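The block underneath contains the structure these notes are about, expressed in structure tokens.
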Amino acid sequence: MASRVSLKTKGKSTGKGSKGSDERSITQAVKEWTNWTMKKAKVVTHYGFIPLIIIIGMNSDPKPQLSQLLSPV
């Protein structure tokens, strides 16, 4: 079983009531946003890398045919 890293703070909170919970909710929102962004970036990179290479190849000089770009020779 893989162990999970926990970013929870340990110990008692020094603030009264809402300040600590506001900081935790902001931190949680930033973590969720970062995680969502990284997942989307992974998908875009996965499906966009090969088409990007083909487009760059098509715009180079001398202009190759699409079959020349896709063939391994």
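Whenever you get a sec, line up Val44, Val30 from highest to lowest accessible area (probe 1.4 Å, protein heavy atoms).
Working: Val44 105, Val30 85 Å².
Result of the area sort, largest leading: Val44, Val30.
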So what is the accessible area of region 31-73 per residue, in Å², with the probe set to 1.4 Å? 96
Computed label-point distance, nm, for sites Glu23 and Val73 using a 7 Å Cα→Cβ extension: 6.7
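The values are calculated or read from the model by the stated rules, or taken from the named source; none is laboratory data. The structure displayed is predicted, hence computed values, not measured ones. So basically every Cβ, Gly included, is an ideal-geometry build from the backbone, and we count neighbours across all protein chains shown. For accessibility, only protein heavy atoms count, side chains too; no ligands or nucleic acids. Shrake-Rupley method; radii C 1.70, N 1.55, O 1.52, S 1.80 Å.
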